[in-house]
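Notes for the one structure printed next.
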Amino acid sequence: MKKILMAAAMLVAGLITAGTASARGFGVTGGFNFNTVTVKDLQMDTKAGFNLGVTYLLDLPLGLSVQPSLLYSQNSLDYSTLESIEAMQKVGSVKLPVSVQWGPDLIIARPFIDVTPYVGYTLSNKLEGGLKGVVSGETSLENTFEYGVGIGAGLNVWKLQAVVRYNWNFGTMGNLENFVGMETPENAVYGGISVNVAYFF
């Protein structure tokens, strides 16, 4: 009897959840990435990139929502402040971030905070430059899997959304060993701020 009651309660809860969840729908999103890399407590200059893709927002009960996206992202990383190195790395990748959001619905607007884990794969990975004082060139680096997490805040108004996040990339951005004998920094920390705007249909 207890099992029947528990199953009935779970069914009712599932129906309530399904009935109160609402899909805001598909949308397009785009914005800018401001990336940097830190090696041995030395932070490189911040460089701008961009991202563009599609997204889907599903509103859940209790102020929660889930928003997966599929993005093409371009990151630029500057290694020029490293000793004897003058190089710029440009990485183009496809990413799948899943934003888990919470915020109160204020009818005309909904502010929220979010945590966004993501995975990705680099499609192009090039390093331009060389040793300081030496003729520079361009080197193709290996493509790698990316993974990380972002933490941010945003605002939904009507069919528009704006969100700002700080993102940490826990993987490497490519093997630099073939580039003028430069080894990939083991303690390099890749991160940066992303600013995005989305429009839902």
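So which of I113, I108 is more than 17 Å from G150 (Cα to Cα), β-branched (V, I, T) and in contact (Cβ under 8 Å) with a residue 40 or more places away in the chain? Full working, then the answer.
Numbers: I113 fails: more than 17 Å from G150 (Cα to Cα).
Just one listed residue meets the conditions, I108.
When you scan the stretch 143-172, how many residues do you find that are among the basic types (K, R) and open to solvent by 70 Å² or more (accessible area, probe 1.4 Å)?
Of all residues in the stretch 143-172, those among the basic types (K, R) come to 159, 165.
Restricting the remaining residues to those that are open to solvent by 70 Å² or more (accessible area, probe 1.4 Å) gives 159.
So the count comes out to 1.
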| Can you tell me how many residues in the stretch 79-107 are open to solvent by less than 10 Å² (accessible area, probe 1.4 Å) and either within 19 Å of the chain's Cα centre (by Cα) or modelled with pLDDT of 95 or more (or both)? | 7
| query | Across the stretch 46-75, what is the total count of residues that are crowded, with 20+ Cβ neighbours inside 10 Å and more than 16 Å from Q161 (Cβ to Cβ)? | reply | 2
| note | Filtering the stretch 21-45 down to residues that are open to solvent by 80 Å² or more (accessible area, probe 1.4 Å) and either modelled with pLDDT of 85 or more or more than 21 Å from the chain's Cα centre (by Cα) (or both) yields F26, F32, F34, K40, D41
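Tell me, yes or no, whether the stretch 111-123 has at least one residue that is open to solvent by less than 30 Å² (accessible area, probe 1.4 Å), under 22 Å from S73 (Cα atoms), of a type in the set (S, T, Y) and modelled with pLDDT under 95. Even if it seems obvious, please write down each step before you answer.
As a first pass, look at the stretch 111-123 and keep what is open to solvent by less than 30 Å² (accessible area, probe 1.4 Å): 112, 114, 116, 118, 120, 122.
Filter once more, keeping what is under 22 Å from S73 (Cα atoms): 114, 116, 118, 120, 122.
Filter once more, keeping what is of a type in the set (S, T, Y): 116, 118, 122.
Add one more test, that the residue is modelled with pLDDT under 95, and what stays is 122.
So far as the stretch 111-123 goes, yes, one or more of its residues are open to solvent by less than 30 Å² (accessible area, probe 1.4 Å), under 22 Å from S73 (Cα atoms), of a type in the set (S, T, Y) and modelled with pLDDT under 95.
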| Being of a type in the set (D, E), modelled with pLDDT under 95 and open to solvent by 20 Å² or more (accessible area, probe 1.4 Å), is that true of even one residue in the stretch 186-195? | yes
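The values are calculated or read from the model by the stated rules, or taken from the named source; none is laboratory data. Note that this is a predicted model, so its numbers are computed, not measured. Please note: Cβ atoms are built from the backbone with ideal geometry, for glycine as well, and neighbour counts cover all protein chains shown. Note: areas computed on protein heavy atoms with side chains; ligands, DNA, RNA excluded. Shrake-Rupley method; radii C 1.70, N 1.55, O 1.52, S 1.80 Å.
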